[in-house]
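Visitor: Next up is a structure, given as structure tokens.
The values are calculated or read from the model by the stated rules, or taken from the named source; none is laboratory data. The shown structure was predicted, so the numbers you read here are calculated from the model rather than taken from an experiment. When we count neighbours, we look across all protein chains shown, and the Cβ atoms used for this are built from the backbone with ideal geometry, even at glycine.
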Amino acid sequence: MKSIVTLFCALSILGSTEAAESRPNVLFIALDDLNDWIGCLGGHPQTKTPNLDRLAASGVLFRNAYTAAASCNPSRTAIFSGLPPHRSGLYNNLQKMREVMPEGELLPRYFSKQGYWSAGSGKMLHYIIDPPSWDDYFPAKAKDNPFPHTFYPEKRPVSLPRAGDWQYVETDWAALDVTDEQFGGDWAVTKWIGEQLNAQKVASALAEDDGSKVRLKPQPLFLACGIYRPHEPWFVPKQYFEPFPLESIQLPPGYKADDVDDLPPAGQRLARNRYFAHIHKHEQWKKGIQAYLASIHYADAMLGRVLDALEMSSQRDNTIVVLWSDHGWHLGEKEHWQKFTGWRVCARVPLMIRVPKGAPGLPEGTTPGSVCDRPVSLVDLFGTLTDLCGLPPKADINSSSLAPLLSNPQAEWPHAALTHLDKPENYAISTERWRYIHYASNEEELYDLKTDPYEWTNLATNPEHANKLAEMRLLAPKNIAPVHKSKP
Ligand SMILES: [Ca+2]
Ligand SMILES: [Ca+2]
């Protein structure tokens, strides 16, 4: 009897391994705090992002993609769990993901259970690796620190004086006299990712049987590359500052001096944070813009290393590539610096997806040069990837597959995109043309992107738009979870 059971198990493992072999790899690339200042989204006229632009041109560029939450931890947790904040109760950067969802099965582990080899490097979750979710990680997952060694100037701050405890210690910028390799950080992450794409997985698959599963043949990869820039501090090697001389720097196109005047009080409080006034006072606005452009240029070059490695590897034609940023970023728009807001500059994110021919969920693959303007959410990446790879959909998540839009970017799309701020009842809703912001105080804003792409004119109190306002209110999330409280 025992031998029959053993044989049956061996056959099922073989069966699932063979099915897995025909599945495409997933290269899952995150950039941190990158807004729409990339060439193909046109957010700033001076930005230099040839690699983001070439990736976008090779697949589908989503021009109305929104984050599920306007800061790192809830955004990334939503992506990796398929659960938006109003379902999970994780709304802010201070909450610990594993306290909120101790048993939650994240995207890489789900893929791993379906026969994939899940490996990652750099920042994917919020300053943790979460070792149980991965088969392999760089740096080594046991330490649960996703960052390789990165060069930092000895004396800090370099450019922006400290104003007080409220100021994030990393809000600072400088051109560093180091090479990419000496700088480390994302250079080391992208080097490791390139090596994984070229590794012969057959040998390691046989050698590294850890007893929990038998890896008999090459496995498809779920490979996650977390590029940390343009997250602060905006320190990058000086060569990336060179295309942006300070005297040439243009202010953000979305900045308007009296923009906050028509916001409700809750919006005004959120808009005018202390950073922008502090940066102004020290005449650092253009220097900050210069450093953000340089940090994006650097992140783009690191992306280029990964795309080149994929291009030269045997995996080139069998790999789905997904690139996203966890949320946008203000550089003075609405007198705000940083994130945590519902305006488009913060809620909208770069998202691009390329699917090769033969993917189970999209056999024809994506058409190079496609552009999609439907409002989509990053919380949909989980459902999209299981669908594209032919895996069973994960139960009990809120994640719609974007495959219909990858097949036809003009397809009907019944969904609006929801972006939470840092607590329940504070959220933004995005349709293709309209944006609605709701604060817990019941104050509201309404914008028409068709005539007002920078959201300069709040229409919520304009009687001419009362019907549209009522229509947008109907899209509000229902059964909103409270902030999950950790046990003392
Ligand atoms: Ca972030
Ligand atoms: Ca305004």
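Visitor: Of the residues that make up the stretch 337-358, is at least one at pLDDT 95 or above, more than 30 Å from Ala271 (Cβ to Cβ) and of a type in the set (Ser, Thr, Tyr)?
Guide: No, that holds for no residue.
Visitor: Find all pairs meeting these conditions: Cβ atoms under 6 angstrom apart; at least six residues apart or on different chains; first residue within the stretch 403-419 and within 11 Å of Val60 (Cβ to Cβ); second residue small (Gly, Ala, Ser) and in a strand (DSSP E or B).
Guide: As it stands, the answer is Pro409/Ser370, since those pairs meet every condition given.
Visitor: Quick one: how many residues across the stretch 360-381 are in contact with a strand residue (DSSP E or B) (Cβ under 6 Å, 6 or more places away or on another chain) and either of a type in the set (Phe, Trp, Tyr) or in a strand (DSSP E or B) (or both)?
Guide: Pass one, the stretch 360-381, residues in contact with a strand residue (DSSP E or B) (Cβ under 6 Å, 6 or more places away or on another chain): 366, 370-372, 375-378.
Pick out the ones that are also either of a type in the set (Phe, Trp, Tyr) or in a strand (DSSP E or B) (or both) and you get 370-372, 376-377.
Qualifying residue count for the region: 5.
Visitor: I need the full set of residues from the stretch 250-267 which are farther than 29 Å from Gly39 by Cα and more than 10 Å from ligand 2 (Cβ to nearest atom), in order please. Talk me through it step by step, then tell me what you get.
Guide: If we filter the stretch 250-267 for residues that are farther than 29 Å from Gly39 by Cα, which is where we start, we get 261-267.
If the condition is that a residue be farther than 29 Å from Gly39 by Cα and more than 10 Å from ligand 2 (Cβ to nearest atom), then Pro264, Pro265, Ala266 are the ones that fit.
Visitor: Give me the pairs: first residue in the stretch 281-296 and assigned to a loop (DSSP other than H, G, I, E, B), second residue among the hydroxyl-bearing types (Ser, Thr, Tyr), beta-carbon distance under 9 Å, and six or more apart or on different chains, which are they?
Guide: His282/Ser159; Gln284/Ser159
Visitor: Among the residues of the stretch 173-219, which ones are farther than 12 Å from Arg305 by Cβ, modelled with pLDDT of 95 or more, of a type outside the set (Phe, Trp, Tyr) and over 22 Å from the mean Cα position of the chain (by Cα)? Write out each step before concluding.
Guide: Residues of the stretch 173-219 that are farther than 12 Å from Arg305 by Cβ, as a first pass: 173-179, 182-185, 196, 198-219.
Those still in the list that are modelled with pLDDT of 95 or more too: 173-179, 182-185, 196.
Then keep just the ones that are of a type outside the set (Phe, Trp, Tyr); that gives 174-179, 182, 184-185, 196.
Passing the criteria: Ala174, Ala175, Leu176, Asp177, Val178, Thr179, Gln182.
Visitor: Continuing with the same structure: Of all residues in the stretch 129-156, which are β-branched (Val, Ile, Thr) and crowded, with 18+ Cβ neighbours inside 10 Å? Full working, then the answer.
Guide: Taking the stretch 129-156 and keeping what is β-branched (Val, Ile, Thr), we get 129, 150.
Of everything in the stretch 129-156, just one residue is β-branched (Val, Ile, Thr) and crowded, with 18+ Cβ neighbours inside 10 Å, namely Ile129.
Visitor: Select from the stretch 382-405 the residues that are among the β-branched types (Val, Ile, Thr) and in a helix (DSSP H, G or I) and write down the one among them that is surrounded by the fewest Cβ atoms within 10 Å (Cβ to Cβ). Spell out the reasoning first.
Guide: Filtering the stretch 382-405 down to residues among the β-branched types (Val, Ile, Thr) leaves 384, 386, 397.
In the following step, the residues that additionally are in a helix (DSSP H, G or I) were identified as 384, 386.
Values: Thr384: 24, Thr386: 22.
Checked the stretch 382-405; the qualifying residue surrounded by the fewest Cβ atoms within 10 Å (Cβ to Cβ) is Thr386.
Visitor: On to the next question. Looking at (1) touching a helix residue (DSSP H, G or I) at 6+ places or on another chain (Cβ under 7 Å); (2) over 20 Å from Ala428 (Cβ atoms), which one does Tyr66 not meet, given that it meets all the others?
Guide: (2)
Visitor: Given the conditions (1) away from ligand 2 (no atom under 16 Å from the Cβ); (2) assigned to a loop (DSSP other than H, G, I, E, B); (3) surrounded by fewer than 21 Cβ atoms within 10 Å (Cβ to Cβ); (4) within 23 Å of the chain's Cα centre (by Cα), which single one is not true for Tyr454?
Guide: Here Tyr454 clears every test but (1).
Visitor: Looking only at the stretch 250-272, filter to residues that are more than 19 Å from Gln338 (Cβ to Cβ) and not in a helix (DSSP H, G or I); which one of those is farthest from ligand 1 (Cβ to nearest atom)?
Guide: Initial filter on the stretch 250-272 (more than 19 Å from Gln338 (Cβ to Cβ)): 250, 257-258, 261-262, 264-265.
Those left that are additionally not in a helix (DSSP H, G or I): 250, 257-258, 264.
Details: Gln250: 24, Ala257: 28, Asp258: 29, Pro264: 26 Å.
Here the answer is Asp258.
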